[in-house]
Structures are given as structure tokens and as C-alpha cells.
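Data block below; observations after.
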Amino acid sequence: MTRNNNKKRNLNKKLLENNKSISQVKREYWNILNFPTINLDIIKKWDVQKLIYHLKVMFSVEGYCRKDLFNKESEYKFRLKQIDGKTFLKMTRNDFFKMDISGLLILHLEAEILRLHGYYKNENYYEPEELLLKFNSFELRNNNIKKENFFNKKDLFQQLITRKLLKVPSIYELKRFLLTPLPMRVFVPSFCLLNNQENSNIYSYVIPQEQCFREFGNIIPSSPISLPFINALTYPYNSNSPCQENNLICYNLIIDALIQGTLSCLQSQKSQWIYMARNFIQSKEDLLRPDWMCWINDHLIIHGVELPENIEWDVGIQNIIEKTHWKDIYYSNLPFKFVYISKGPILRWYVFDPLRYKIILISQDFDLDRILDRLRMIRTVINIYNVLDSIRRNWVQFKINKSTHPLYLTINRDGGTNIEFMGNFVKKSLSTQKMKENFNYDTIRKIYLETSHIKNLIHCVDLEGNLSYPILTKDGSCKIFLHPVGYYYYPKNELEVKSMIKTILQVLKEMHQVNWTHRDIYWGNILRQDNGDWLIIDLELGGPVNEILQFSLWNRWPEQAVIGKPYLACYDIYQVGTLMDELKGTDQYFNNYSKSFIQFKNLLLESAKDNNFTAEMALKHEWLSEVITCSHD
């Protein structure tokens, strides 16, 4: 009796340790980013128990597949059939059907066999009708989804074709992960396959829709996700004689169909978090952008360069480096960004490594004149989507404290002003209507030219970065290329406030000395540069000292600044006092600041009443020279 009890205790202890070991090792042992992860010779030596252990671990990893698929009933059937590692590697779909297990489980098991082999062992296979019957019935039972709505629901189909990764893959895991087989094949109408009947390999990715029947003989309709596959199969091509005339445009259309079309179909209708755009060359500055771009959370995450066939790959690589502008104000703490280079019909995927500031090849060469390569390209794009989704879901770890700007993405402000960050400078466009109603081109041109020597003030440059002046276009709009680039930053303590105020007053002093006023000093026009210096921007509202006002900004200017009266230099200084007064806006907050800070703030707020008060006088105040021994966050 005691011996039996000891045996039971040992057995229970063993089972407990076994279950504990499963939870402990699953992260290291089962890594879905590795392709393959296990040597085939080792798998062939697995007994039944070892194979079941492997599948248990696989189906217990959160985010890889549904945990309830491989249950006790499935485990019993594997034991009953005595399926070991060697047998498992040779199993076909028909073998799984005979076991009477769910269609969705069959899809995952088949994908795992392919993964363990490290390649598609047999790409020439068709989808048996029974799989779709099982698959359809299984989902109806478990999700209570109406039959007629199941496969035409885009979001549901998107969940079936994609994988949710728990973590963002590292740069070195991407190459293998992009080769991961899709969880299932996509239904496309048979007429899309008429021209490709001899190419049986395409059936690794698609299945004729007419082979997929529901329980009552109705054909399962294709989903929106089928569209990229249909485009890949039906878009004109000729592998023996690819289009020579306008071939770059021809391949651009194919690229848009395969990349942009696929990503568009994968997005949930409830949450459109991916934004994509193609660069159309209409002006010189358009040449500074990538040919194709994709953003998530306003961060450039995919960057495409498209070259004629006779251009070398190195030219494309250099193009990518020049147009990346990897700074945290554009990319936050993103671990990488995807990049593709196409050269005629050939396309390669790379990843940009910000730590080494270089790009790394992560794909095969895709020949866009070959149908099979187009389908492989879609598989790669779907896997890229999985990575982008993992970045989006883990976004909190990539955020930074400072404000960020979307690179190459146009931002519309107040209807008539467009802003676009282009790396080392900002393009600002003022509409024709805006110019007619609010601005005078000659004044704008003159103020930028005559203040170009002032440090920490925004300057107008040309596309090469040389000091220049705004451009008036034929339609009456105005383009201004601005340098340097800054970001929004709110000072955290009195020391930082002092640094900011001192910089603003020094800029105003030098502006007033050359007879210009800024007139638009507020928090939105005070930025910080990467080197820690402050930057004052937006000169479009500026004008000469003592100019008679044609309009008034009552909410920012002192009450003395009215239409028909001159705008005095001291009104700029009043606005600096308003900045200080707006710090949190409560008397209680000002208790954290020194008495001389309060005195100086009040002095600036009274400056509008003294026509003789200058920025130079303000700079001599004791608060700007006294040493602060501690700061208040």
C-alpha cells in the first residue's frame, strides 16, 4: 500500500513538474519567429508522448492560435493512432480527415508540418471540399456566426489569415518570420486561374472558390482579402516579354496592388490605423520623398524606392539612407522600419537598422513578372502586417517624452496652411486664398531675408539648405522651406523657463534692431532643437516696427494694439510676459518660482504701456542673471 502511494505521489509529482516545465519552457522552446526551429532528424525520433508535448506547447502560446483547438479529445486521437514524430511529418490532410478532427485544427497542424520541414514540401495540392465543410461547421458551432455572413465578413477573415504576435520580432528574426506560411489559403473565383492552370504551385496560396461549398451546396463567397490575390493573378504580365514601354509605371501599379492593396484589406473596418501614400513627382521637392510610404501612428514604418532596371542596387540603398532621417522626433523609439527597393520587375525587402544606420536584406528577390512570386510577395506583406500590428499593440514601449512629427506626411492647419516635415527642413505652403486675405508676399520675402542672420530664429532655405526666400507660385500660393527643425517642449522648471525667455528676448532684440517685429509670440511658436537650443518660428504675421495695423489679434496682443494705430516693438515684449503668465495659469503654481521671476513677469506685462521699453532693457533684468540653485519639476 505504501509503495503504491509512493508511486502515485511520484507520478503526480512528475506530472506536476511536466506541466510546470511546459509553462516554463514554452517561450524558449516554442518561438514562432524561428523557421524552422527544430532539426528534422530530432523530430523523427520523437515518440507519441514527445509529439503531444510539442503540440501542447504550441497551442498554449498566447496569440499564436486558439488554445481550445488541441484539447483532450484531440490528444486521445493522437494516442489512439500512435502518431509519433516520423509519422506526423508524413501526414497529409486526408490522414487528418480520417481522424475526424476540426477543420481549423487541420489548418494549423498542416502549417506546422510545413514549418517543421522548413519549406513547402509539396506545393501542388488542392483544398478538399470536406475541409471547408468541417471548417465552416466548426466555426458556426463555436462562434454562433450566421452561415450567410461568415466568409464575407472582412474583419473575421482578417483574423483567420493573420497571426497575433506577443512581442515585436527583432531585426534578426524578421527574415525567417517573413517566410512563415499563411494559416490558410484564400478563395478566388476560378476564372482568375484560367491563365495559370499549368502552374500548379499557385495552389499553395489560393483555392478555386467553386471548390468550397457550404453544407447545403452553396459556394462560399470570396472575402475582400481575396482582392490582392485576384489582382496578382489577373494583372497583365508576360514573363517572356515584360512591358518595356513605361515599364516603371507598369511595375508601380503591380506594387501598389500587392503591397497597398493587401495592407488595405487587412485593416479592420473599425480601426484604420495604417495610412499609405504614393509620391507623385510634380515639383522639385517631391524628389526628396520616398516613392511609396506607409505610416502607423504618424510614424513612417515602410519606405519604398523604385528604380529603372538599368540602375544598380547600391543607388537604391544610398537613396534610402538619404531619405530616412532617423531622429526620435520622427521615429520615437521604433526598433526598425521596413524598406523595399524595386529595380524593374525585381523587388527586394530590407529592414533599416537605426543602431547601425544601415539596411539589411530580409527577403528573396521577387520577380513581378512571375505569378508565383506575386503570390509569395502577398504572403510576405501579410507577415509584415503581423509585425506592424505587434508594434501597434506594444506602442507604449516606443513612445518618447518629446513631441514627434510625421515625416513626409502633409498636415493641414486652419484650412489654408499645409505643413510637411521633410527631414532636415519643413515645407510650409500658404494657399492662394490665405495669401490674398492675410499675407503680403513682399513683406514675407523681406522679413525672411533681413532676419536670416539671427540665431535661434527660423530661416528660409532652398532645397540644398542654403539661405533663401519664400517662393510665390504662378497660382498665387506661397512655399517656404524652413530650417532648422524643432519639436514642441514645455519647460519643466524655472531654470528651463529662464533659458527659453532669454532666447526669445535675444531674438526679439536682434529683430527690432533691423526694424522687424514678430507679432506672433505664443507657445505654439516656441520649439526646442535637438541640441537643446530654443527656436522661434512663424514670421508670416511679422511686420516693420511702427507699421500701421490693418488687423488685430485681440487674444494675443495688448489692448493698445488696435487697427489704425502703429504696432510698437514693446508689444512683442508684452507677449513674452503673457507666455510667462500662462505657465499653468494659477497663483498657486507661481509659488514654486522665485520672487524675481514674478517681478520680471509683471514688468513684461506692463511693457506695452511704455513705448521706450526694449528687449535689450529686459535682458538686463536681475532674474535673467541670477543663479538658481534648485529646480522645481
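A cut-off of 5 Å between modelled amide H atoms, ignoring neighbours fewer than 5 places along the same chain, links residue 461 with 468, 481, 482, 483. Averaged over its residues, region 412-508 has an accessible area of 45 Å² per residue, based on protein heavy atoms and a 1.4 Å probe.
Only protein heavy atoms count here; on that basis, with a 1.4 Å probe, residue 331 has an accessible area of about 0 Å². Estimated at the nearest 10 Å², the accessible area of residue 379 is 10 Å² with a 1.4 Å probe. Assign one of three labels to region 482-591, namely rounded, prolate or oblate, based on the Cα gyration tensor with a ≥ b ≥ c the square roots of its eigenvalues; rounded applies when a/c is under 1.5, prolate when it is not and a/b is larger than b/c, and oblate otherwise. Cα axes put region 482-591 in the oblate bin. Using θ = phi - 60° in the Karplus curve 6.51 cos²θ - 1.76 cosθ + 1.60, the 3J(HN,Hα) couplings for region 495-511 round to 4, 5, 4, 4, 4, 5, 4, 4, 5, 4, 5, 5, 4, 5, 4, 6, 5 Hz; x is entered for Gly and Pro.
Note on region 298-386: percent of Cα-Cα distances in each 10 Å bin, starting at 0 and stopping at the bin with the largest distance, equals 16, 47, 30, 6, 0.
Other residues whose C-beta falls under 14 angstrom from the C-beta of residue 314 contribute a net charge of +1, scoring Lys and Arg +1 and Asp and Glu -1.
Per the Kirkwood formula applied to alpha carbons, region 40-117 shows a radius of gyration over Rh ratio, Rg over Rh, of 0.91. Taking θ as phi - 60° and the Karplus parameters 6.51, -1.76 and 1.60, the scalar couplings of region 271-288 work out to 9, 8, 9, 10, 10, 10, 7, 9, 8, 9, 7, 10, 8, 4, 5, 5, 5, 7 Hz in sequence order, x denoting glycine and proline.
Computed as a quarter of the hull surface, the mean projected area of the alpha carbon convex hull for region 157-397 stands at 14.6 nm². Given a cut-off of 20 Å, name the pairs among 323/343; 498/601; 284/428; 284/455; 399/455 whose C-alpha atoms lie farther apart than that in the structure shown. Pairs exceeding 20 Å: 284/455; 399/455.
Carbon and sulfur together cover what percent of the accessible area of region 244-335 at a 1.4 Å probe radius? Walk me through the numbers before you get to the answer.
Working: 2100 of 4160 Å².
Result for region 244-335: 50 percent of the exposed heavy-atom area is carbon or sulfur.
In order along region 442-454, the phi-based Karplus estimate (6.51 cos²θ - 1.76 cosθ + 1.60, θ = phi - 60°) of 3J(HN,Hα) comes to 4, 5, 4, 4, 5, 5, 5, 5, 7, 10, 5, 8, 7 Hz; Gly and Pro are listed as x.
Per atom type, region 413-485 shows carbon and sulfur on 47% of its accessible surface, probed at 1.4 Å. Ordered from highest to lowest accessible area with the whole protein assembly present and a 1.4 Å probe, 285, 547 read as 547, 285. The value of relative contact order for region 488-632, using C-alpha pairs under 8 Å at least six residues apart, is 27 percent.
The values are calculated or read from the model by the stated rules, or taken from the named source; none is laboratory data. What you are looking at is a predicted structure, and each value in this text was computed from that prediction instead of being measured. Backbone-built Cβ (ideal geometry, glycine too); neighbour counts: all protein chains shown. Heads up: the accessible areas ignore ligands, DNA and RNA and are worked out on the full protein's heavy atoms, side chains in. Shrake-Rupley method; radii C 1.70, N 1.55, O 1.52, S 1.80 Å.
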